[in-house]
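Enquirer: Take this structure first; my questions come after.
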Amino acid sequence: MTRIFAVLVVTAALVAVAGSTAIASHGARAAFPATLNGRIVFNDRYGALALVNPDGTGVVRLAATNAGDEVIGASWSPNGKLIAYSRYGSGDADIYVIAPDASGQREITFSRGADLDPTWSPDGSRIAFETNRNGNVDLYSVAADGSDAQRLTDAPANDLDPAWSATGKIAFTVESPDHASRQIWVMNGDGSGKTQLTDAPNFNENPNWSPDGQWIAFDSDRAEKGNLDVYEMRADGTGVVQLTRSVALDALPAFSPDGTRIVFVSDRAQKDSRKLFVMGADGGTATRLIDRSGWTYQMVPDWQPLAAKDPCTIRGTINADTLVGTAGADVICGLGGNDRIDGGAGKDTLLGGAGADCLTARDRAHDTVDGGPGADEALADPGLDRIVSVAKTFQAWPKRDRCRR
């Protein structure tokens, strides 16, 4: 992940040599770990960390990053229970961790400099990141509580985009001193054993490991200067495969936890729009993830690993969320705050959680509406819906009611 995304596209110092791409078969891939695909975390243009389901539903804002459209990165812990991310405070960025329900936010780095692009070790005990605390950009790691800082790289060039694999290797990007090219390297988790993997023209960057640690997805403009596409290669740098061939920008890929899909950023929907798209791990047709207004500049995705299926199909946070169901049977779980929950069509279960919630289930579909603690209100179908812990029930919102839009 790169600090300023515009640099990926418009850097004038790009070298002018075009490269060729070898094509490899994926038939020899090892079986991926039995992990379920959870939610995708990303940054939006308005300085917020956000979550979305793999089908594009259940978008919620999680926390402020105060970063505008700068690419600062976020990463799920191996057990899917925490997110490490960068957040700007007074003048620079530091690394924070937060739970996916927005609780437990805490700062773990406090350096003078910008600490960006965190990535977790496979056992969850350490977090690596890039930082300019010493002038140029180097890679550091800290314990998950922020202690025991260790410098992993110390070179005149900028070292960027760390990504920790399940096998303990860290892939990263090395920028040339003249900023004209970037190449992907790997090293051990302690910074030893640095090895260059790519040697192609222009930019080769933003590595992301497959769940088994055998493949690396990355973006590159080796084929056409200034036009980034998504590629894959084996962990030793061989067998490079070009996965996207778009005239638009395709970048910042991330594997799904089960290894079958890749989410990436593209402006193929509209120039400079930066939307999330999902495709198979071998490429092919890409589908836009969030096809709705109000969510622009979706950046730097990472996919949550789950050990077990979440009983909630759409899940909120401890903040005041707006949660909207699908045409199917949803289980929508608000947690805290004064939520607005609309089940839509289908036989839904709406769980308000704490707070004074507004719940809408008026679709004659035998829904279950449970407001939970708080002075909740609901639109429901008397005699059809099961209504629990709701202070007021209506068939239409009264004028001047707080739940009426």
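Enquirer: What is the percent carbon and sulfur in the accessible area of the chain, measuring with a 1.4 Å probe over the protein chains and ignoring ligands?
Expert: 51
Enquirer: Here's something else I'd like to know. For region 35-176, calculate the relative contact order in percent as a whole number, restricting contacts to Cα pairs under 8 Å that are 6 or more residues apart.
Expert: Relative contact order, region 35-176: 14 percent.
Enquirer: With an 8 Å cut-off on Cα pairs and a minimum separation of 6 or more residues, tell me the relative contact order of region 133-286 in percent.
Expert: This gives 12 percent for region 133-286.
Enquirer: Same structure again: What's the center-to-center distance, using Cα atoms, between region 217-236 and region 126-172 in Å?
Expert: Using only Cα atoms, the two centres lie 22 Å from each other.
Enquirer: Let me ask something additional. Using a simple spin-label model with points 7 Å from Cα along the Cα→Cβ vector, what separation in nm is obtained for ASP190 and ASP145?
Expert: Using points 7 Å along Cα→Cβ, the separation is 2.2 nm.
Enquirer: With θ set to phi - 60°, apply the Karplus curve 6.51 cos²θ - 1.76 cosθ + 1.60 along region 322-338 and write out the HN-Hα couplings as whole Hz, x wherever there is a Gly or Pro.
Expert: Using θ = phi - 60°, the values come out as 10, 10, 10, x, 9, 6, x, 8, 9, 10, 9, 10, x, 10, x, x, 8 Hz.
Enquirer: Another question, then. Give me the dipole magnitude in Debye, nearest 20, for region 283-373 about the Cα centre, with unit charges on the beta carbon: positive for Lys and Arg, negative for Asp and Glu.
Expert: 180
Enquirer: Mind ranking GLU232, GLU107 by accessible surface for me, highest first, 1.4 Å probe?
Expert: From most exposed to least exposed: GLU107, GLU232.
Enquirer: Using unit Cβ charges (K, R positive; D, E negative) and no other charged atoms, how large, in debye to the nearest 20, is the dipole of the chain about its Cα centre?
Expert: Using Cβ point charges on Lys, Arg, Asp and Glu, the chain gives about 880 debye.
Enquirer: Ignoring ligands, DNA and RNA, how do LYS392, LYS309, LYS81, LYS275 rank by accessible area with a 1.4 Å probe, largest first?
Expert: LYS309, LYS81, LYS392, LYS275
Enquirer: Can you give me the distance in nm between label points at ASP55 and LYS271, each placed 7 Å from the Cα along the Cα-to-Cβ direction?
Expert: Roughly 3.6 nm, to one decimal.
Enquirer: What ranking do 363-375, 241-253 get when scored by the average of other Cβ atoms within 10 Å per residue, highest first?
Expert: Highest mean packing first, the order is 241-253, 363-375.
Enquirer: Let me ask another. Show the residues, 5+ positions off or on another chain, whose built amide H is closer than 5 Å to the amide H of VAL369.
Expert: For VAL369, whose amide H was placed from the backbone, the distant partners under 5 Å are LEU350, ARG386, ILE387, VAL388.
Enquirer: Per DSSP helix of 4 or more residues, -39500 (n - 2.57); summed, then divided by the residues of the chain. What does that give at 222 nm, rounded to the nearest 500?
Expert: About -500 deg cm²/dmol.
Enquirer: Now a separate question. Residue-wise, which Karplus ³J(HN,Hα) couplings in Hz belong to region 221-231, taking 6.51 cos²θ - 1.76 cosθ + 1.60, θ = phi - 60°, and x for glycine or proline?
Expert: Taking θ as phi minus 60°, the curve returns 10, 4, 7, 8, 3, x, 10, 6, 10, 8, 10 Hz for region 221-231.
Enquirer: Taking only protein heavy atoms and a 1.4 Å probe, what accessible area per residue, in Å², does the chain have with all protein chains in place?
Expert: Using a 1.4 Å probe on heavy atoms only, each residue of the chain averages 40 Å².
Enquirer: Karplus couplings for region 117-130 from phi (6.51 cos²θ - 1.76 cosθ + 1.60, θ = phi - 60°), rounded to Hz, Gly and Pro as x?
Expert: For region 117-130, the Karplus curve yields 6, x, 8, 8, 5, x, 9, x, 8, 9, 10, 9, 7, 9 Hz.
Enquirer: Further question: Lysine pairs in the chain with Cα distance under 30 Å, only those 8 or more apart or on different chains: how many are there?
Expert: Going through the chain pair by pair, I get 15.
Enquirer: With each label point set 7 Å from Cα along the Cα-Cβ vector, what nm distance links ARG245 and PHE394?
Expert: The two pseudo-label positions are separated by 5.7 nm.
Enquirer: Skipping prolines and chain starts, which residues have an amide H placed within reach, meaning under 5 Å, of the one on ALA180, given they are 5 or more residues away or on another chain?
Expert: Long-range HN contacts for ALA180: none found.
Enquirer: Please check which bits of region 342-378 a label hung off ARG402 would reach, taking the label as a point 7 Å along Cα-to-C-beta and the cut-off as backbone N under 14 Å.
Expert: 354-359, 373-378
Enquirer: Would you mind classifying region 283-405 by shape? Square roots of the alpha carbon gyration tensor eigenvalues, ordered a ≥ b ≥ c; an a/c under 1.5 is rounded, otherwise it is prolate if a/b is larger than b/c and oblate if not.
Expert: Cα axes put region 283-405 in the prolate bin.
Enquirer: Scan (i) 75, 47, 39; (ii) 80, 49, 41; (iii) 69, 43, 38 for the value of Cα extents along the principal axes in Å calculated from this model and give just the label.
Expert: Checked against the structure: label (iii).
The values are calculated or read from the model by the stated rules, or taken from the named source; none is laboratory data. What you see is a predicted model; the values in this text were computed from it and never measured. Positions of Cβ are generated from backbone atoms using ideal geometry, with glycine treated the same way; all protein chains shown enter the neighbour counts. These accessible areas exclude ligands, DNA and RNA; they are computed on the full protein's heavy atoms, side chains included. Shrake-Rupley method; radii C 1.70, N 1.55, O 1.52, S 1.80 Å.
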